[in-house]
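Peer 1: First, the structure itself, so that you have it in front of you.
The values are calculated or read from the model by the stated rules, or taken from the named source; none is laboratory data. As the structure is a prediction and not an experimental result, all values here were calculated from the model. Note that each Cβ is placed from the backbone with ideal geometry, even for glycine, and that neighbours are counted across all protein chains shown. Only protein heavy atoms, including side chains, enter the accessible area calculation; ligands, DNA and RNA are left aside. Shrake-Rupley method; radii C 1.70, N 1.55, O 1.52, S 1.80 Å.
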Amino acid sequence: MHRILTISNRLPVSAIEKDGHLEFVKSVGGLATGLASLTTPVKTHWIGWPGIASDDLTPESQARLDHQLDKMACSPVHLSSRDIQEYYLGFSNETIWPLFHYFNLYCRFDQVSWEAYVRVNQAFSEAVCRNYEPGDTIWIHDYQLMLLPEMIRTHFPEASIGFFLHIPFPSFELLRLLPWREEILRGLLGADLIGFHEYDYARHFFSSVSRILGHEQHLGHIAFNNRIVRADAFPMGINYERFSQCLKMPDVQAAVNTLDRQNPYERRWIISVDRLDYTKGIPNRLEAFDAFLRAYPEYKRKVKLVVVAVPSRDEVDQYIELRERLELLTGRINGEHGTIDWTPIAYLYRSLPFDELAALYLKAEVALITPLRDGMNLVAKEYLATNSQIKKQGVLILSEMAGAASELSEAVVINPSSKDEIVKALRTALEMPQEERKRKNSLMQDRLARYTVGRWASDFLHSLQEINVIQKEMAMKKMTQEAKTQLMKAYTKARKRLFFLDYDGTLIGFFPDPESASPDERLVEIIDQLSSDPKNEVVIISGRDKQTLTRWLGNLDVNLVAEHGAFLRHRGSGWMVRETLPTAWKDMIQPVMARYVDRTPGSFVEEKSYSLVWHCRRCDPDLARLRMHELRDALVSMTTNMEIGVFEGSKIIEVKNIGINKGAAADIWLGGRQHDFVFAAGDDYTDEDMFSVLPDKAYSFKLGQGASKAKYQLMGPDSLRALLSEFAAVS
Ligand code: ADQ
């Protein structure tokens, strides 16, 4: 790997202008430490906004800023106050953030801020273009830059691009509310790998891609715009080493001593640390603490809730309101329960340096983390790692709505909307015997120590490399220019040529209703031109019934194969049955398929002479997937020891006599061996039988992704049509 170009809204350092001087504040965020702790050292170059509006900078100070950032391997994307207002506070934080956290009533859908989002993503793309060197790996972060992968892809089609989303990806029902949902999905699909904290988010992403763009995933991969895109879960960890060893740091020890000095009473601390954000469920937490003091008054004066809220997006209305609400709530609870020498809630509205934060993690006997929705939540992990250093270990109370809950299942897991559950959890935590705390914490510690932020980053980058290898392999199956020239030469030189062309998914795309897939004018023209060359013999080899093929292609000078080879029609003559086969099995299969039609709106059964096909292309994609599995399993167990097979195709389950296949049908034309140019194209499992009987020198093409015996791969019917048109032009 050459370098990693990390791209995020903010650079890891922020510039502040003080008395005409530029100062830098370094962020100790997880991402920067994660990349620094990669096992294979690679150079990292960062691209992002330096935290200061460009209209607040004179040209000289901007030049100085750029120069200093360059020395820190950072390239700035300068944003004006208007950009920050419309793109960052606007579209990113008033549209995407609430929508992706299921706060849709907080969303503003505003054209001006959408345009700003496009404009700023474009500015990031230009910055990447200025910095990109071939061999670099591009890693884009988070919801502010979801259009960027596609934008970069148009400039560098071969670049290796990863994208990681740090917040939840919402279900389709939420995403569909966004007027620009399609653009967002297309933007993301410009990446090679899209990472989420949890598999549930990946699942929502796949479902939206399928419903909005009509592309299905296959084992976590989506074929899109002639490329394969992978999406998967990579739960982000923390810098475990730093948190679990921090008691050895003199600064942390000093901070603990200060806290001890300032708090002479032996009180049990409950801690709550977040950015001040409505998704974090802070008011619920305070109300539950209030209810806890009422329900268990014996804890009064014995416990203290320390609430640390980091100022965040404090120009957005909902954040201003939330801050006021918290202040009122804290005042009310303190006023109601407090005494002269005891304040139940200590409320800090500020960011703390590492040593003070760590000291709080060490002192707290309980961490109360109750977000209503949270991509991951690193505070929960940091608390456990830090607290592991002391003898009397604490208890983590964690919302099931945080991504972290799936890894930290030994915590006291609560539903953040249930005050009652939080009250009970507080009591359970405070009463939990030391042995039990230790046992549970040590299980979680092991996981945190293993899956650190360094592991997270290396796993993501490794997976990105893997998908790039798959893409290279696919590219090898794609025709090179040289192979294409050789193909055209062979075509021109040949005296007798044979074409096997599958129909659905090969010569024409898929339609919700199979009856709509009739050939368009252009297709008829291509086949006509190809077959009118006296040196060419064309065989359309399909699973369709003979009536449909006659209706659609009967007037062309081609050979037809229907029902995968059960019926043949040589050009100029009538249909013939290849073999008469038993069909009594249909009576047994039909009622089963009919039952699935009743249970699956939009599905239907097609009956052919030697097969029955259950179609589900028009159905809800998730239901269709489930029913396909169920039906296939039911049919497979019914048909063992019978002369029929159950096959799964693209949105179909087909049951047919096993003696019939396209390979046997193709052999009829191949048998004479008089052709010196053989060409075959197909897209699904039935075409594999045909590919396997072709002579070594044949040119075979698989349309779409997936393993195949074919020599080459084409992305879809359009690419095949283009190739066939070139043959026709030579003819
Ligand atoms: P956040 O919403 O910011 O992150 P979180 O994961 O908890 O939430 O990270 C907060 C970070 O800020 C922690 O590293 C914590 O130490 C630090 N912090 C919190 N309070 C602080 C204080 N008072 N002073 C100083 N530092 C403080 C987003 C998503 C999360 C996701 C992360 C990472 O919303 O769900 O876990 O990105 O992907």
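Peer 1: Quick one: how many residues across region 308-326 are away from the ligand (no atom under 16 Å from the Cβ) and loosely packed, with under 14 Cβ neighbours inside 10 Å? Please lay out each step first, then the result.
Peer 2: Taking region 308-326 and keeping what is away from the ligand (no atom under 16 Å from the Cβ), we get 315, 317, 320-321, 324-325.
Narrowing further to those that are loosely packed, with under 14 Cβ neighbours inside 10 Å: 315, 317, 320-321, 324.
Summing the residues that are away from the ligand (no atom under 16 Å from the Cβ) and loosely packed, with under 14 Cβ neighbours inside 10 Å in region 308-326 gives 5.
Peer 1: Out of everything in region 216-258 that is crowded, with 17+ Cβ neighbours inside 10 Å, among the hydrophobic types (A, V, I, L, M, F, W, C) and within 16 Å of the ligand (Cβ to nearest atom), what residue ends up being nearest to I161 (Cα to Cα)?
Peer 2: F234
Peer 1: For region 345-376, enumerate the residues that are open to solvent by 40 Å² or more (accessible area, probe 1.4 Å) and assigned to a loop (DSSP other than H, G, I, E, B).
Peer 2: R350, S351, P353, L372, R373
Peer 1: Here's a check for you: in region 350-373, which residue that is among the acidic types (D, E) and out of contact with any Lys or Arg (no Cβ under 7 Å at 6 or more places or on another chain) is farthest from the ligand (Cβ to nearest atom)?
Peer 2: D355
Peer 1: If you don't mind, another one. Within 16 Å of the ligand (Cβ to nearest atom), crowded, with 16+ Cβ neighbours inside 10 Å, charged (D, E, K, R) and not in a helix (DSSP H, G or I), is that true of D274?
Peer 2: yes
Peer 1: Just one of D341, D317, D290 is out of contact with any strand residue (DSSP E or B) (no Cβ under 6 Å at 6 or more places or on another chain), of a type in the set (D, E, K, R) and at pLDDT 95 or above; which is it?
Peer 2: D290
Peer 1: Just to verify a result, which residue in region 383-404, among those that are within 15 Å of the ligand (Cβ to nearest atom) and surrounded by fewer than 24 Cβ atoms within 10 Å (Cβ to Cβ), is farthest from the chain's Cα centre (by Cα)?
Peer 2: Top of the filtered list is E400.
Peer 1: For L305, only one of the following conditions fails: (1) farther than 24 Å from A411 by Cα; (2) within 16 Å of the ligand (Cβ to nearest atom). What is its number?
Peer 2: (1)
Peer 1: Among the residues of region 246-257, is there at least one that is within 20 Å of C619 (Cβ to Cβ) and touching a residue at least 24 places away in the same chain (Cβ under 8 Å)? Give the derivation first.
Peer 2: First, the residues of region 246-257 that are within 20 Å of C619 (Cβ to Cβ): none.
Looking through region 246-257, none of the residues is within 20 Å of C619 (Cβ to Cβ) and touching a residue at least 24 places away in the same chain (Cβ under 8 Å).
Peer 1: Taking the options V636, V678, V646, V655, name whichever one is free of Cβ contacts under 8 Å to residues at least 12 places away in the same chain, β-branched (V, I, T) and not in a loop (DSSP other than H, G, I, E, B).
Peer 2: V636 is the lone residue from the list that is free of Cβ contacts under 8 Å to residues at least 12 places away in the same chain, β-branched (V, I, T) and not in a loop (DSSP other than H, G, I, E, B).
Peer 1: Still on this model: Mind checking which pairs have a first residue in region 258-282 that is touching a residue at least 60 places away in the same chain (Cβ under 8 Å) and a second that is near the ligand (Cβ under 10 Å from one of its atoms) and among the basic types (K, R), Cβ under 6 Å, 6 or more apart or different chains?
Peer 2: What qualifies is D274/K280; T279/R373.
Peer 1: So L581 clears everything in (1) open to solvent by 10 Å² or more (accessible area, probe 1.4 Å); (2) out of contact with any Phe, Trp or Tyr (no Cβ under 6 Å at 6 or more places or on another chain) except one condition, right? Which one?
Peer 2: Just one mismatch for L581, condition (2).
Peer 1: Could you name every one of the helices (runs of 4 or more DSSP H) located completely within region 54-138 that has at least 2 residues being open to solvent by 40 Å² or more (accessible area, probe 1.4 Å)?
Peer 2: Values: elements: 59-71, 97-100, 111-131.
Correct list: 59-71, 111-131.
Results for (1) more than 16 Å from the ligand (Cβ to nearest atom); (2) touching a Gly at 6+ places or on another chain (Cβ under 9 Å), shown as yes or no for each residue.
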| position | (1), (2) |
| --- | --- |
| Y87 | yes, no |
| F91 | yes, no |
| V112 | yes, yes |
| V120 | yes, no |
| L145 | no, yes |
| L148 | yes, yes |
| I152 | yes, yes |
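Peer 1: Among the residues of region 173-194, write down those that are in contact (Cβ under 8 Å) with a residue 24 or more places away in the chain and open to solvent by 30 Å² or more (accessible area, probe 1.4 Å).
Peer 2: Listed by number, the residues that qualify are R176, L177, P179, R181, E182, E183, R186.
Peer 1: So how many residues does region 478-510 have that are in contact with a strand residue (DSSP E or B) (Cβ under 9 Å, 6 or more places away or on another chain) and open to solvent by 70 Å² or more (accessible area, probe 1.4 Å)?
Peer 2: Matching residues across region 478-510 total 5.
Peer 1: From A624, A594, A566, A562, which residue is free of Cβ contacts under 8 Å to residues at least 12 places away in the same chain and of a type outside the set (F, W, Y)?
Peer 2: A594
Peer 1: Out of G574, G543, which single residue is open to solvent by 20 Å² or more (accessible area, probe 1.4 Å) and small (G, A, S)?
Peer 2: Answer to the check: G574.
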